[in-house]
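Novice: Dropping the structure in here first, questions after.
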Amino acid sequence: MGFSGTFINGIDPKGRLSIPAKLRAVLEESYGDDLLVVTRRKDALVAYPLSEWEKTKARVDAMPNGDAKDLIYRSRISPAVECSFDRQGRVALPASLRAIAKFDKDIVIVAMAGKIELWSQQLFDEQLEVAELQLDTMKAELGNLGF
């Protein structure tokens, strides 16, 4: 069983974000982890269970040395931080990552199988509009999938 669901939670001035109990339960039951590894992606953050992050990082490490590997390390691997939960189920996100994702007050938490995306409400709404336009061109594929 992987993560699923979309949630909107506030982030406090210290950068602490409450991760829904449902997702914390999946993290422990399905992955045996009690922390998330959070890194950047374009316009958002992405959080992985430690076990999934280690697999992702191993795939990058297996790449041949060169510009592509350096780029991925510089933009995705090096900014990653391990975030443990406090007693209230919150993770503390560093200011550097919050700035990249343009976090303000409301954060959209999108659970996606083996990872969790963290979006500012504004950027999430913008990317959802673009996604809907792209999905309009995929009517046959969506129909075949039952949507």
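Novice: Exactly one of (1) farther than 16 Å from Ile116 by Cβ; (2) in contact with a helix residue (DSSP H, G or I) (Cβ under 9 Å, 6 or more places away or on another chain) is unmet by Val46. Its number?
Specialist: (1)
Novice: Still on this structure, please answer the following. Being surrounded by 14 or more Cβ atoms within 10 Å (Cβ to Cβ), part of a strand (DSSP E or B) and among the β-branched types (Val, Ile, Thr) is the filter here; which residues of the stretch 7-32 pass it?
Specialist: Matches in the stretch 7-32: Ile11 only.
Novice: Taking the options Ala62, Ala80, name whichever one is within 30 Å of Ser18 (Cβ to Cβ), modelled with pLDDT of 95 or more and hydrophobic (A, V, I, L, M, F, W, C).
Specialist: Among Ala62, Ala80, only Ala80 is within 30 Å of Ser18 (Cβ to Cβ), modelled with pLDDT of 95 or more and hydrophobic (A, V, I, L, M, F, W, C).
Novice: Can you name the number of the only condition in (1) farther than 27 Å from Arg74 by Cβ; (2) in contact with a helix residue (DSSP H, G or I) (Cβ under 9 Å, 6 or more places away or on another chain); (3) at pLDDT below 95; (4) not small (Gly, Ala, Ser) that Asp33 fails?
Specialist: Answer for Asp33: the failing condition is (1).
Novice: Right, next: Across the stretch 33-64, what is the total count of residues that are assigned to a helix (DSSP H, G or I) and over 26 Å from Leu128 (Cα atoms)?
Specialist: Residues in the stretch 33-64 being assigned to a helix (DSSP H, G or I) and over 26 Å from Leu128 (Cα atoms): 9 in total.
Novice: Can you tell me which condition Arg87 does not meet? The list is (1) touching a helix residue (DSSP H, G or I) at 6+ places or on another chain (Cβ under 9 Å); (2) of a type in the set (Lys, Arg); (3) surrounded by fewer than 16 Cβ atoms within 10 Å (Cβ to Cβ); (4) under 25 Å from Glu28 (Cβ atoms), and all the others hold.
Specialist: Exception for Arg87: condition (1).
Novice: Do we have Glu132 as out of contact with any Ser or Thr (no Cβ under 6 Å at 6 or more places or on another chain), over 11 Å from Ile11 (Cβ atoms), at pLDDT 95 or above and not small (Gly, Ala, Ser) here?
Specialist: Criteria not met by Glu132.
The values are calculated or read from the model by the stated rules, or taken from the named source; none is laboratory data. In this text, all values refer to a predicted model and were calculated from it rather than measured experimentally. Please note: Cβ atoms are built from the backbone with ideal geometry, for glycine as well, and neighbour counts cover all protein chains shown.
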